[in-house]
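Everything on this sheet refers to the single structure shown next.
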Amino acid sequence: MDCPLKANIKRLKWTGKLLDYVEWIYALHEILNLNGGKVKLKNLFEVFNRISGVKVKDFSQYSRNIRTRTKGDRTTLLDLQKQLLTERMEEADEKPSKK
C-alpha cells in the first residue's frame with residue numbers, strides 16, 4: 001500500500017536509536033489518540049516504518065528490552081522529549097514578546 005502523501009512529502013529518516021523509535025511508537029499507541037484508540041500496534045508500526053524508512057519487524061523484542069531498563073529509567077526518549085520541550089517553552093517565556 002502506497003502512502004498517499006508520498007508524492008507531496010520528502011521521506012523522513014529516523015536517525016536515532018531503534019530502541020527509542022520503538023519506545024516512541026509504543027507511547028503513541030498507549031495514549032489512544034489515533035483512530036479513537038482503535039489502531040493495532042502492528043499497523044502503527046507498519047505506517048511509521050513506511051514513513052521513516054525503519055524496518056522493525058519484531059517490535060515485541062524491543063519492547064522486552066525497554067522493560068528490562070532500570071525502573072525509573074524505562075522511558076528515556078519520552079523523558080528527554082519532555083525535558084527539551086519544557087526548556088524550549090521556558091526560554092520562549094523569558095523572551096520579550098513582539099507586539
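Laid out as a table, the results:
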quantity	calculated
Candidate set: the stretch 50-99, residues that are part of a helix (DSSP H, G or I), touching an Asp or Glu at 6+ places or on another chain (Cβ under 8 Å) and of a type in the set (Val, Ile, Thr); chosen: the one surrounded by the fewest Cβ atoms within 10 Å (Cβ to Cβ)	THR76
Scan of the stretch 27-49 for residues that are β-branched (Val, Ile, Thr) and under 21 Å from ASP79 (Cβ atoms), ordered by number	ILE31
VAL47 vs. criteria assigned to a loop (DSSP other than H, G, I, E, B) and aliphatic (A, V, I, L, M)	no
Residue tally, condition under 11 Å from the mean Cα position of the chain (by Cα) and small (Gly, Ala, Ser), over the stretch 19-54	2
Members of the stretch 18-32 found to be exposed (fewer than 12 other Cβ atoms within 10 Å of the Cβ) and modelled with pLDDT of 90 or more, listed by number	GLU30, ILE31
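The values are calculated or read from the model by the stated rules, or taken from the named source; none is laboratory data. Only a predicted model underlies this, so the values are computations on that prediction, with no experimental measurement involved. Because the Cβ atoms are built from the backbone with ideal geometry, glycine has one as well, and the counts that use them run over all protein chains shown.
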